[in-house]
1. Run the helix sum for the chain: -39,500 (n - 2.57) per DSSP H stretch of 4+ residues, divided by residue count, reported at 222 nm to the nearest 500 deg cm²/dmol.
2. Sorted by mean Cβ packing within 10 Å, highest first, what order do the peptides 263-275, 400-412 take?
3. Apply the membrane-span-like helix rule to the chain: whole DSSP H runs, Cα extent along the own long axis of at least 24 Å, mean Kyte-Doolittle hydropathy at least -0.5. List the helices found.
4. If you stretched the chain out fully between residue 10 and residue 41, how much longer would it get, using 0.36 nm times the residue separation minus the C-alpha to C-alpha distance?
5. If you average the C-alpha positions of the range 131-150 and of the range 173-219 separately, how far apart do those two centres end up, in angstrom?
6. Among all the lysines, which ones have a C-alpha under 23 Å from residue 188's C-alpha, if same-chain residues fewer than 8 places away are not counted?
7. Over 14 Å, how big is the tail of the calculated P(r) for the range 131-191, in percent of all Cα pairs?
8. How much of residue 119 can a 1.4 Å solvent probe reach, expressed as accessible area in Å² and rounded to 10?
Amino acid sequence: MLERVFKLKEKNTNVKTEIIAGLTTFLAMAYILGLNPIILADAGMDKASVFLATAISAGIASILMGVIANYPVSLAAGMGVNALFAYTVCGQMGMSWQAGLAAVFVSGLIFVVISVTGIRKAIINAIPQQLKLAIGAGIGFFIAFVGLKNAGIIAASPATFVTLGNLSEPTVLLAICGILVTIVLVVKKVPAGVFIGMVITAVIGIICGSMGMEGMPTLPNSFIETNFHLGAAGAFVSGFGELFADPFKAFVALFSFLFVDFFDTAGTLVAIGNRIGIINKEGELENAEQALLADAIGTVAGAALGTSTVTSFVESTSGVEVGGRTGLTACTSGILFFISILFAPVILSTVTSAVTAPALVVVGIMMAQQLKGIDWDDIVFAASGFVTVIAMILTYSISNGIAFGFIAYALAMVSNKRTKDIHPIVWGLIIIFVAYFALPYFM
């Protein structure tokens with residue numbers, strides 16, 4: 001049954017590897033279960049309800065991705081787009097969270113339409129192969145930066161923007177220890193080295209926590225959670241009136257959700273596709289329509305349940321590096337999201353930023369290897385590739401990095417008198433990118 005659905009032998013993998021990969025991906029993503037409720041609470045939503053909606057929507061979307069597209073990509077409410085929901089749409093624009101959910105729901109429906117009609121696939125396939133490599137490498141640097149920042153190894157600085165964190169902090173030392181251990185395991189080619197590194201880091205943290213060190217992973221007083229409620233389920237319906245009362249605000253909200261989700265997803269799928277070899281010689285993703293449809297359905301389901309946009313998670317690369325090659329990886333992580341509903345206390349207390357940092361940093365190192373495929377002797381690709389990578393890190397946004405990379409690519413191509421080689425879709429995307437950056441001036 002599993003062989004027929006996921007084609008394990010064809011993908012040169014097995015059930016054990018896929019399950020370990022799914023567990024690794026889940027652990028790398030589990031932070032969203034704690035962070036998403038905190039962020040959406042700033043929009044006035046109930047934390048307990050958001051937690052449940054986050055877990056259920058992640059389970060549904062991940063399993064859909066695994067079964068429909070056979071991709072080792074898991075999904076959940078996306079970081080960045082949840083901040084857009086809470087602080088821009090519901091904050092700066094003054095919409096209620098019900099109207100925000102209505103906007104997410106409509107954007108999801110639009111995604112479904114452009115996915116089944118092949119528009120999304122055409123756009124992704126139009127991205128030049130050299131830019132796809134830069135996007136993959138840029139995401140590697142980005143998630144490593146996220147891991148280092150969340151663990152406190154790097155910190156904000158008013159003088160230099162970023163600086164070295166406080167190395168006397170126990171949690172920072174734990175993360176550094178975990179990174180070193182994980183690098184050694186991966187260099188020695190230990191099977192599931194990234195996952196084992198996370199486990200070792202968590203165990204060390206729990207031991208240190210039992211000795212009184214603050215901020216460490218700890219074992220909870222209660223291991224099972226049984227108090228559930230989905231208070232925001234269906235609330236998007238009551239937000240339609242408010243959403244469309246102001247057509248311009250509705251357009252801005254919908255466009256913003258569409259833009260961020262589309263290009264974050266595109267970047268993630270391209271990066272993972274490059275890594276597992278599902279991009280053909282023409283630079284096209286296999287089963288792209290199915291993957292994009294699963295992503296779109298996830299957004300619709302998430303909004304209906306009561307959470308912000310559900311999207312493909314770049315942390316799925318951690319499972320890929322452990323050996324995940326099929327949808328069984330995604331299905332495993334999806335099932336674990338459902339199980340997490342019961343074991344929320346354990347997950348929230350043991351899977352800390354210090355525990356996930358080693359996986360994110362080491363996976364970032366592996367993804368950065370895609371830089372070797374870029375033709376650095378061609379100034380067009382050197383410039384656009386560099387801009388893509390540096391913009392992702394410095395703007396703290398995958399979609400912004402893609403946008404600036406496209407703009408740099410077009411400018412360099414025109415300057416190099418290679419305008420005729422630019423795909424028409426790329427020109428259309430550049431117009432969209434410029435419009436996206438211009439929208440804040442009209443809000």
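The values are calculated or read from the model by the stated rules, or taken from the named source; none is laboratory data. Everything numeric here is computed off the predicted structure, so don't read it as measured data. For neighbour counting, all protein chains shown are included, and Cβ atoms are generated from backbone atoms with ideal geometry for every residue, glycine included. All accessible areas refer to the heavy atoms of the entire protein, side chains included, with ligands and DNA or RNA removed. Shrake-Rupley method; radii C 1.70, N 1.55, O 1.52, S 1.80 Å.
1. Calculated at 222 nm, the ellipticity per residue is -21000 deg cm²/dmol.
2. 263-275, 400-412
3. Correct list, ordered by number: 47-64, 97-116, 129-151, 170-187, 193-210, 247-276, 288-305, 398-415.
4. Fully extending the segment from residue 10 to residue 41 adds 6.7 nm.
5. Going from one Cα centre to the other spans 22 Å.
6. Qualifying lysines at Cα under 23 Å: 16, 372.
7. Beyond 14 Å sits 67 percent of the P(r) for the range 131-191.
8. Approximately 80 Å² of residue 119 is accessible to the 1.4 Å probe.
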